[in-house]
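All remarks here apply to the structure that follows.
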Amino acid sequence: MKQERIRDSIEQLNRDMSEKSLEGHWNLGLEDLPPYPVTSVQPCLWRWEDVHESMIRAGEVVNLEQDAERRTIRLLNPGIPGGHGTTHTIHFSFQYVKHGEYARAHRHTAAAFRFVLQGRGAYTMVNGQQCVMEEGDLILTPQLTWHDHVNDSGKPIIWLDGLDIPLTQALHQLFFEPYHQEQQALETTSDEVAGFYSHARPALEPPKQFFHYKWADTERSLERLRRNGSGRDPYDGYLLEFLNPVTGGPTMPTIQCAVQLLEPGQETLAHRHTSTVIYHVYRGEGTSIIGGQVFQWRQGDSFVVPLWNQHAHANTSPDTDAILLSMSDAPVVKALDLYREAS
């Protein structure tokens with residue numbers, strides 16, 4: 001008997017290809033592609049009192065010598081299923097180091113920064129450079145820089161950590177390496193390096209790495225921006241970005257840090273962009289409308305503006321400035337030529 005020829009079909013082809021780990025593009029309709037960027041990251045606000053209570057409790061039960069490399073409290077976004085980031089590319093955490101404690105030296109491929117919130121006199125050592133902390137200081141630990149923290153100030157210290165760990169993990173580039181000793185030896189100070197960049201350099205002097213932005217300098221720059229008047233942005237108020245003095249570019253290749261000042265009663269216009277931003281309220285109080293949701297914030301709170309979410313900020317105080325610290329993945333988005341803004 002003559003065997004009948006089996007009629008082929010798209011359904012049969014799809015089944016056969018699936019067994020070979022193949023797929024046809026015809027299964028992906030254009031109607032499945034969004035007309036604008038979409039993210040699972042949700043607008044979210046974390047209250048300072050909740051973070052602070054957890055840190056104090058952790059100070060009593062988490063031992064840096066026995067239990068953990070670092071005593072930190074991470075902010076987790078409810079829109080990231082099973083994830084540990086504050087967003088899909090970056091995250092915030094808060095670190096608490098008591099007097100007499102030190103956090104062991106290590107390095108990793110994730111870039112990070114420290115922004116000092118409470119306390120002074122402790123220091124971070126970055127590649128042998130001692131950065132003594134004052135409130136409002138921004139201290140960088142770029143990719144693969146050795147760093148450790150020592151608190152011999154007499155009082156506890158709290159700072160904010162920002163890292164690009166989710167992005168580094170997504171690229172399968174995350175790794176960690178302990179230092180061969182628990183602490184690094186002092187080679188130079190951040191004051192010496194700051195002087196290097198503030199004055200004319202001798203022709204033969206080699207360049208040095210810059211890690212430490214002092215709040216005293218940041219505050220003066222913010223005030224100059226305010227006095228200038230023309231520096232007032234309709235969407236962000238008086239926005240001051242931290243630039244890398246070595247490259248002239250963003251703070252680090254994957255992270256842009258900035259501070260913005262909103263004067264009493266000031267309200268910004270709404271806009272959106274394809275970068276994601278995490279904010280921390282350094283001073284003052286106010287309101288942000290993010291994707292149609294209203295978030296009321298005060299000093300110590302932190303909140304997220306996901307990418308392409310319309311947002312606007314307002315200082316609700318009639319007589320006090322509001323200052324926000326922000327961390328953004330804009331350098332990565334811009335490097336890929338994917339950055340867009342719209343009002």
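Structure values in brief
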{"quantity": "Cβ charges +1 (Lys, Arg) and -1 (Asp, Glu), total dipole of the chain, debye", "calculated": "320"}
{"quantity": "Lysines whose Cα lies under 20 Å from that of K98, excluding same-chain neighbours fewer than 8 positions away", "calculated": "K155"}
{"quantity": "Residue range of the chain that is longest and free of trypsin sites (Lys or Arg not before Pro) which are both DSSP loop and sparsely packed (at most 11 other C-beta within 10 Å)", "calculated": "21-343"}
{"quantity": "Computed label-point distance, nm, for sites E60 and Y179 using a 7 Å Cα→Cβ extension", "calculated": "3.2"}
{"quantity": "Hits among lysines - C-alpha to C-alpha of K334 under 30 Å, sequence gap 8 or more where chains match", "calculated": "K208, K214"}
{"quantity": "Principal axis dimensions, largest first and in whole angstrom, of the chain by Cα", "calculated": "95, 52, 52"}
{"quantity": "Mean-position separation - Cα centroids, segment 1-76 and segment 288-343, in angstrom", "calculated": "25"}
{"quantity": "At 0.692 mPa s and 37 °C, Stokes diffusion of segment 1-139 via Kirkwood alpha-carbon radius, µm² per second", "calculated": "161"}
{"quantity": "Net length gained if the chain between E135 and L28 were fully extended (0.36 nm per residue, minus Cα distance)", "calculated": "33.3 nm"}
{"quantity": "Loop chymotrypsin sites (Phe, Trp or Tyr not before Pro), segment 149-199, which have at most 12 other Cβ atoms in a 10 Å radius of their Cβ (DSSP)", "calculated": "F175"}
{"quantity": "Amide H contacts under 5 Å for G284, placed H, 5+ residues apart", "calculated": "Q299, I323"}
{"quantity": "Rounded to whole Hz, the Karplus (6.51, -1.76, 1.60) HN-Hα couplings of segment 275-286, x for glycine and proline", "calculated": "9, 9, 10, 10, 10, 10, 7, 7, 8, x, 8, x"}
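Taken together, the values in this text are just the output of simple stated rules run on the coordinates, not laboratory data. This structure is a prediction, so every number in the text was calculated from the model and none was measured. Here Cβ is always computed from backbone atoms with ideal geometry, including for glycine, and neighbour counts include all displayed protein chains.
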